[in-house]
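Take a look at the structure set out below.
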Amino acid sequence: MAESGNEGLVALEHALEAEHIVAGEDGSVTEEEIDMGPEFGVHGAASGVRRSSRNQGPMEPPVAFAEPPTMADNEAPVPPAAFAVGQEDYSPGVITHGAYNVPGENQTAALCDIAIATMRQNIVSASTMRTYIGDALAFVRWCVSNPQHDLLTASFSTQMEQMEAVIPNERKRQRSTRITSTFRSCLENAPAEPILKLQNLTPEIFMTHVSALRNPRTNKYLSPSSYGNRRAMINHMFRIHHRNGMPDEFKEELCTLYKGFYRTLAKDVGESSDPSSGKEPMSKAIYLKIGQWLLEWGTEDGVFAFCYLVLTWNLMCRVKNTAMLRFSHIQWIKFDSMEIAFMHSKTDQLGVEKQFKRNVYGNHKEPLASPVFALAVYLSTCIQTPQSPEGKLFPGSKQEDRFANILAKVVEMHKSELNSMGLVPSQIGTHSIRKGAISYAASMPGGPGSASICIRAGWTMGKVKDIYMRFVNNGDAFVGRTLTLLPLLDAEFGSSSPHFAERLPGVEPGFKERLVESHFPMFKRVEHFGRMKEMLMASLLYHRNKIRSLPNNHCILGRMDFLRNRSVMQWLETNANAVKVSLPWDRIDEDFHGIPGSIKALHEMASLKEGQTREGSGELLADGAGEPSKGKEDAKRSGQNPSSVSGGKRSFRSAS
């Protein structure tokens with residue numbers, strides 16, 4: 001076998017060893033340890049043995065693979081002999097080993113080339129690449145305007161002239177798209193046809209460009225992160241030219257200059273009249289007000305943005321993560337919360353933490369803050385076609401941009417109200433949601449711990465802490481309850497989402513199931529949505545008065561058929577507890593999560609207060625006095641213990 005093929009197979013076997021994964025005899029993948037012998041060869045483990053980490057029984061005998069048959073030069077390829085273990089099928093050029101496809105001799109080099117090219121293209125994400133392209137294009141335009149530095153190659157200078165040439169009748173957006181696309185091709189081809197003469201570039205020259213950058217609309221300094229993006233951009237330019245980042249000497253000098261630049265920038269910004277930097281965190285009041293504006297807008301865009309806003313706040317995530325949610329990521333298994341898994345995030349690119357789902361709760365007191373209610377009205381209104389588990393919760397591309405545009409539009413529409421709350425529309429953006437949710441959870445007295453908030457927000461504290469601090473005091477569930485704006489200083493902080501009673505009086509068996517299926521017929525193929533649909537339906541029924549309060553031409557009302565079903569409405573009015581909210585001490589048969597121990601004390605205090613109220617009423621009847629607390633007040637003034645007053649004891653016995 002050719003040397004390249006040998007290297008490919010050995011690399012694959014080493015990768016399998018590193019991952020501690022082997023293929024079982026039935027072709028399935030199992031987690032096991034592979035003990036490699038010193039004579040581990042190309043075709044298999046000639047001296048290797050396999051031992052399960054879960055079952056430390058006798059070691060299996062070595063697995064030897066049969067050599068493929070030889071053939072003459074003019075013969076067609078013949079499938080190799082069946083392997084002793086793991087052989088399933090054969091396709092030309094690919095040797096199948098259990099669950100893995102090992103490239104054959106005639107495909108190894110090509111597949112490796114494709115893989116390497118893909119790796120180089122995916123060094124940074126698509127959104128980061130768009131930022132690099134914009135920043136690099138601004139830099140090369142600066143180089144054109146400053147030819148004394150001689151930074152552009154002759155070939156790219158010619159291409160640049162062609163790119164910047166004015167084409168008759170070309171619109172502004174078409175021109176921008178054409179230039180960006182052409183420049184992207186130049187960047188991809190930079191190893192063969194360089195763009196910059198990097199040997200002429202010095203940190204001093206680059207900082208001359210950076211220090212001249214300003215906001216084109218306001219002529220103010222950029223944010224520190226925007227200036228930092230320029231440093232990342234120039235490092236990427238070195239990388240695509242030489243497949244390495246900035247040289248160490250260049251990097252150290254640039255770091256030193258950046259430090260001085262930031263200090264100068266801080267002094268100038270400190271003396272400016274505008275203290276704002278970035279978007280303002282969205283306070284609880286503004287969050288609820290924007291949710292109200294979106295819900296009352298009356299259009300499907302408003303309902304979409306309302307659900308997007310509430311989910312982003314409760315997940316404490318970036319808006320792009322919300323756009324990536326699929327129905328398979330959402331489930332309702334626990335009694336009191338649904339769970340949402342993130343398959344990808346900025347700090348977890350491979351979805352390693354997808355097993356740790358975020359707990360999301362409902363709020364029966366404030367539907368504007370309830371993600372269960374928001375999801376229910378969104379799915380009822382905006383999803384009208386059959387869905388599959390792989391379907392996106394928010395179908396379409398760039399849904400985060402769609403939400404950003406709607407948010408900007410609605411805050412501009414209510415500019416005067418926003419001004420009365422101390423803000424202007426430009427201070428509110430999509431990142432205000434994440435900043436506001438984190439600030440709200442961190443500022444609550446007796447609220448979630450900092451570790452739980454960091455984990456929910458996707459901030460790492462170190463690998464070990466991220467793993468073990470995650471489970472401290474059921475921290476994520478506590479954060480989830482806090483974010484749904486349940487009152488932390490009230491016993492109802494531990495309440496469940498609205499749900500159907502265990503036994504529904506006055507209806508035939510199967511009534512609940514028929515009601516749910518008739519309202520959510522588009523999720524028949526999403527099998528795990530059974531309980532989810534039931535809880536969403538319960539939330540809609542519980543908050544029916546909120547839905548009724550919407551304008552008559554609202555798009556939501558046209559999709560709520562149960563509101564026009566007289567028998568259903570009469571049944572709900574007659575049986576007030578058919579859809580209800582439960583508390584932990586009322587449902588000892590169910591598990592409630594994320595409830596601190598102080599909530600039980602608050603409940604007992606509330607019960608005691610209620611008993612004292614009844615006690616006062618009993619005292620009023622027993623003594624016939626109009627001031628039942630007068631005796632206790634006299635006792636306080638005289639220095640006595642108020643509980644020793646006979647009237648209090650007598651009224652307690654009367655109440656009991």
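The values are calculated or read from the model by the stated rules, or taken from the named source; none is laboratory data. This one's a predicted model, so the numbers in the text were calculated from it and none came from an experiment. Quick reminder, even Gly has a Cβ in these numbers, built from the backbone with ideal geometry, and neighbours come from all protein chains shown. Keep in mind that these areas ignore ligands, DNA and RNA; they rest on the heavy atoms of the full protein, side chains included. Shrake-Rupley method; radii C 1.70, N 1.55, O 1.52, S 1.80 Å.
Checked against (1) modelled with pLDDT under 95; (2) closer than 19 Å to R456 by Cα; (3) over 17 Å from the mean Cα position of the chain (by Cα), S370 passes all but condition (1).
Within the option set L602, L563, L572, being without any contact (Cβ under 8 Å) to a residue 60 or more places away in the chain and either open to solvent by less than 30 Å² (accessible area, probe 1.4 Å) or closer than 24 Å to T484 by Cα (or both) holds for one residue only, L572. In the stretch 522-552, what residues are open to solvent by 60 Å² or more (accessible area, probe 1.4 Å) and without any contact (Cβ under 8 Å) to a residue 40 or more places away in the chain? Once the filter is applied, which keeps residues that are open to solvent by 60 Å² or more (accessible area, probe 1.4 Å) and without any contact (Cβ under 8 Å) to a residue 40 or more places away in the chain, the stretch 522-552 yields N545, R548, S549, N552. G298 falls short on exactly one of the conditions (1) more than 22 Å from K435 (Cα to Cα); (2) part of a helix (DSSP H, G or I), and that condition is (2). If you go through the stretch 292-312 and keep only what is open to solvent by less than 50 Å² (accessible area, probe 1.4 Å) and either farther than 21 Å from H364 by Cβ or in contact with a Lys or Arg (Cβ under 8 Å, 6 or more places away or on another chain) (or both), you end up with W293, G298, G302, F304, A305, Y308, T312. From the list T158, T180, the lone residue that is open to solvent by 30 Å² or more (accessible area, probe 1.4 Å), at pLDDT 90 or above, of a type in the set (S, T, N, Q) and in contact with a Leu (Cβ under 9 Å, 6 or more places away or on another chain) is T180. Within the stretch 201-234, being part of a helix (DSSP H, G or I), loosely packed, with under 12 Cβ neighbours inside 10 Å and modelled with pLDDT of 90 or more holds for one residue alone: E204. Quick check on the stretch 374-419: of everything there that is among the acidic types (D, E) and in contact (Cβ under 8 Å) with a residue 40 or more places away in the chain, which residue is surrounded by the fewest Cβ atoms within 10 Å (Cβ to Cβ)? Restricting to residues being among the acidic types (D, E) and in contact (Cβ under 8 Å) with a residue 40 or more places away in the chain, the top hit is E390.
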